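Inspection log for the structure reproduced underneath, given as structure tokens.
The values are calculated or read from the model by the stated rules, or taken from the named source; none is laboratory data. All of these numbers come straight from a predicted model, not from anything done at the bench. Reconstructed Cβ throughout: ideal geometry from the backbone, glycine too, with neighbour counts over all protein chains shown. Just so you know, the surface numbers come from the protein's heavy atoms only, side chains and all, with ligands and any DNA or RNA stripped out. Shrake-Rupley method; radii C 1.70, N 1.55, O 1.52, S 1.80 Å.
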Number of protein chains: 2
Amino acid sequence: MQQQISVITLGVADLARSRRFYTAGFGWAPVFENDEIVFYQMNGLMLGTWLQSALEDDQRRPGLTRPGAFALAHNVPSQGDVAPLIETLAAAGGKVLRPAEAPPHGGFRGYVADPDDHAWEIAWNPAWPIDDQGHVTFGV
Amino acid sequence: MQQQISVITLGVADLARSRRFYTAGFGWAPVFENDEIVFYQMNGLMLGTWLQSALEDDQRRPGLTRPGAFALAHNVPSQGDVAPLIETLAAAGGKVLRPAEAPPHGGFRGYVADPDDHAWEIAWNPAWPIDDQGHVTFGV
């Protein structure tokens, strides 16, 4: 079976606020949007930001909580890109959880929460190759 | 900036239980594992399952909750693949949240929670092409 994730959908409280974080902070462009969801075409999968009530209805599970026990990561090309992106994300409505620094396992990274408390690790990880289309390969 | 997600990390309470769900249920093979994390090479990104306490330490945010306000999706090649995979995932320790059926927006899908309550939508979506390497493209 394909080792494949087609979509990551984040539940959001305010679609415009979330959209501002992803467009002004990361600089990403939506591929589709309506009044309850925004989709971004990512590296071989979709990122969706969907009103939390609709997401709860869809999975038939009310009462989803934030911050959830997960994190997303975005890798940048060089160590010097980490701290500026974290600053830009904070200016676009994010909250710095952990400033940029070197972790024990190598590389360089920090964490920012999006306006709905979803955690993003912003990382430079020279061991993991990223191709021109953003496809990331495990490396050690 | 690349529209790129390098890693999705799920916080888990029991690494062996989680590993069984992903290997026996989805049939996925780890690319790396130690006593606190398992990584799976996905379609241009990594899926990590990490002890929740370690994930909380890493993002400097204790008290992450489950089920969080998000969902992951795995798309299958045909409508007939949806229900059998949901059954296999349930047998591997998942919990069916919503049985396979046709949603208003087309296609066919159901939801399963993994053993740590993280939601997976199992979907057939003929509008979204998937290439041989599992890269998914938005379509309408």
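Can you tell me which residues in region B:87-129 are open to solvent by 60 Å² or more (accessible area, probe 1.4 Å) and assigned to a strand (DSSP E or B)? Of everything in region B:87-129, those that are open to solvent by 60 Å² or more (accessible area, probe 1.4 Å) and assigned to a strand (DSSP E or B) turn out to be B:Lys95, B:Val96, B:Pro99, B:Trp124. Would you check if A:Gly80 is at pLDDT 95 or above, within 14 Å of the chain's Cα centre (by Cα), more than 7 Å from every other protein chain (Cβ to nearest Cβ) and at negative phi? When the stated conditions are applied, A:Gly80 does not pass them. Would you check which residues across region A:52-62 are open to solvent by 50 Å² or more (accessible area, probe 1.4 Å) and more than 8 Å from chain B (Cβ to nearest Cβ) and list them? Answer for region A:52-62, where residues must be open to solvent by 50 Å² or more (accessible area, probe 1.4 Å) and more than 8 Å from chain B (Cβ to nearest Cβ): A:Ser53, A:Asp57, A:Pro62. Restricting B:Pro126, B:Pro115 to residues that are more than 10 Å from every other protein chain (Cβ to nearest Cβ), touching a residue at least 60 places away in the same chain (Cβ under 8 Å), over 19 Å from A:Gly11 (Cβ atoms) and not charged (D, E, K, R) narrows the list to B:Pro115. Scanning region B:9-49 for residues that are open to solvent by less than 30 Å² (accessible area, probe 1.4 Å), of a type in the set (S, T, N, Q) and in a strand (DSSP E or B) yields B:Thr9, B:Thr49. Checking each residue in region A:38-73 for being in contact (Cβ under 8 Å) with a residue 12 or more places away in the chain and over 23 Å from B:Pro67 (Cα atoms) picks out A:Tyr40, A:Met42, A:Asn43, A:Gly44. Restricting region A:2-18 to residues that are closer than 24 Å to B:Thr9 by Cβ and without any contact (Cβ under 8 Å) to a residue 60 or more places away in the chain leaves a set whose member that is nearest to the chain's Cα centre (by Cα) is A:Thr9. A single member of A:Thr49, A:Thr9 is of a type in the set (S, T, N, Q), more than 7 Å from chain B (Cβ to nearest Cβ) and closer than 30 Å to B:Ala29 by Cα, and it is A:Thr49. Inspection of region B:49-56 identifies no residue that is in contact with a Phe, Trp or Tyr (Cβ under 7 Å, 6 or more places away or on another chain) and not hydroxyl-bearing (Ser, Thr, Tyr).
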